[in-house]
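Note sheet for the following structure.
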Amino acid sequence: MQIRLARYSGFCFGVRRAIQLAMDAVQKGEEVYSLGELIHNPQFVQELRAKGLRVASAAQELHNSVVIIRSHGISKEEYNVLVKQGNTIIDATCPYVSKTHDLIKQANAEGYPVIILGDPCHPEVIGMKSYGNSDTVVVSPNEELAPVMAKRLCVISQTTQKIEHLINLVSSLLPKVMDLKVHNTICLATGQRQIAGAELAKESDIMVVIGGKHSSNTKMLARLCSEYCPTIHIETGAELTPEIFVDKARIGLCAGASTPEAQIVEVYNKIMKINGEECPATGIQNIPLFKEESC
């Protein structure tokens with residue numbers, strides 16, 4: 001059995017930054033809350049709780065507290081509530097997400113209705129839409145568009161979308177809109193992980209995608225990899241059984257941007273154990289990386 005890990009797997013810059021800001025605040029001995037789970041990884045969120053980071057479900061619950069804004073960002077309305085209720089705010093919104101807020105405000109100021117490509121139920125997209133106006137709408141990937149009446153439009157994407165979804169949306173709008181402004185706001189980390197995951201999937205008998213079941217970028221990785229080979233999306237090695245790897249010689253691993261290295265190592269070691277190997281990896285550096293030139 002050959003097990004290889006896709007490049008760029010695991011925490012991205014925005015997630016690392018959010019976790020560091022949260023831990024710095026906790027270590028000061030203050031009572032610290034995150035508004036919603038800091039990242040979409042239930043196992044790691046539980047670790048953060050054990051270290052003292054509490055989770056609040058609504059801005060209205062928080063008064064005169066230290067509050068971390070998660071990497072996905074929050075809505076403008078939630079932010080205003082936090083300020084009004086005397087909270088000290090530590091903004092850990094990913095810079096890529098903050099950029100979308102600025103672009104939406106700018107487009108509105110210039111008179112462009114905005115189409116946001118993304119999952120309308122995702123916290124990031126809910127936050128993005130709050131910075132728009134009545135002419136700001138959310139369109140899901142592959143959703144059939146309503147008739148376009150505007151002569152000018154601005155398109156902005158959720159940062160974890162597939163580039164193909166953005167291309168498809170823009171292509172459908174081009175014949176209908178004379179003045180079409182497009183911002184490719186898909187973050188670099190997402191693009192890197194999608195390309196690396198797809199390349200490894202092409203050279204694998206099965207892909208194991210590691211990360212939170214509610215993580216948008218991890219679910220996108222799993223869907224992308226499934227286009228090239230059988231793919232399973234798991235959170236921990238406990239979900240793996242020997243039957244999964246019957247007649248599978250080339251195993252590919254990749255992980256979403258909110259997946260800690262320890263989880264990747266745990267899954268790798270579980271597969272090694274299933275294969276009868278008794279030399280576990282002690283760190284992610286012990287897992288072979290997939291390289292295209294090695295094919």
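The values are calculated or read from the model by the stated rules, or taken from the named source; none is laboratory data. Keep in mind that this is a model prediction, so the values were computed, not measured. Cβ placement follows ideal geometry from the backbone for every residue including glycine, while neighbour counts extend to all protein chains displayed.
Every residue, every condition in (1) of a type in the set (A, V, I, L, M, F, W, C); (2) without any contact (Cβ under 8 Å) to a residue 12 or more places away in the chain; (3) assigned to a loop (DSSP other than H, G, I, E, B); (4) out of contact with any Asp or Glu (no Cβ under 6 Å at 6 or more places or on another chain), yes or no:
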{"site": "Thr93", "(1), (2), (3), (4)": "no, no, yes, yes"}
{"site": "Ile104", "(1), (2), (3), (4)": "yes, no, no, yes"}
{"site": "Ser134", "(1), (2), (3), (4)": "no, yes, yes, yes"}
{"site": "Leu166", "(1), (2), (3), (4)": "yes, no, no, yes"}
{"site": "Val182", "(1), (2), (3), (4)": "yes, no, no, yes"}
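Per the listing Glu61, Glu47, the residue uniquely under 30 Å from His233 (Cα atoms) and surrounded by fewer than 16 Cβ atoms within 10 Å (Cβ to Cβ) is Glu47. The set of residues in the stretch 24-36 being crowded, with 16+ Cβ neighbours inside 10 Å and either free of Cβ contacts under 8 Å to residues at least 60 places away in the same chain or part of a helix (DSSP H, G or I) (or both) consists of Ala25, Val26, Val32, Tyr33, Ser34, Leu35. The number of residues in the stretch 37-64 that are part of a loop (DSSP other than H, G, I, E, B) and among the polar types (S, T, N, Q) comes to 3. Residues in the stretch 95-149 that are of a type in the set (S, T, N, Q), farther than 18 Å from Ser215 by Cβ and within 23 Å of the chain's Cα centre (by Cα): 5 in all. If a residue must be crowded, with 18+ Cβ neighbours inside 10 Å and without any contact (Cβ under 8 Å) to a residue 60 or more places away in the chain, how many such residues does the stretch 244-265 contain? Adding up the residues that qualify gives 1. Of all residues in the stretch 65-84, those that are over 18 Å from His214 (Cβ atoms) and not in a strand (DSSP E or B) total 11. Residues that are aromatic (Phe, Trp, Tyr) and assigned to a loop (DSSP other than H, G, I, E, B) within the stretch 1-23 comprise Tyr8, Phe11, listed in sequence order.
Of the conditions (1) in the same structural domain as Pro113 (by TED's automatic domain parsing); (2) touching a residue at least 40 places away in the same chain (Cβ under 8 Å); (3) of a type outside the set (S, T, N, Q), Leu174 satisfies every one except a single condition; which number is it? Unmet for Leu174, out of (1) in the same structural domain as Pro113 (by TED's automatic domain parsing); (2) touching a residue at least 40 places away in the same chain (Cβ under 8 Å); (3) of a type outside the set (S, T, N, Q): (2). Scanning the stretch 214-234 for residues that are surrounded by fewer than 21 Cβ atoms within 10 Å (Cβ to Cβ) and either aromatic (Phe, Trp, Tyr) or under 20 Å from the mean Cα position of the chain (by Cα) (or both) gives His214, Lys219, Arg223, Ser226, Glu227, Tyr228, Ile232, Ile234. Here Asn184 fulfils each of the conditions (1) within 13 Å of Asn217 (Cβ to Cβ); (2) surrounded by fewer than 22 Cβ atoms within 10 Å (Cβ to Cβ) apart from (1).
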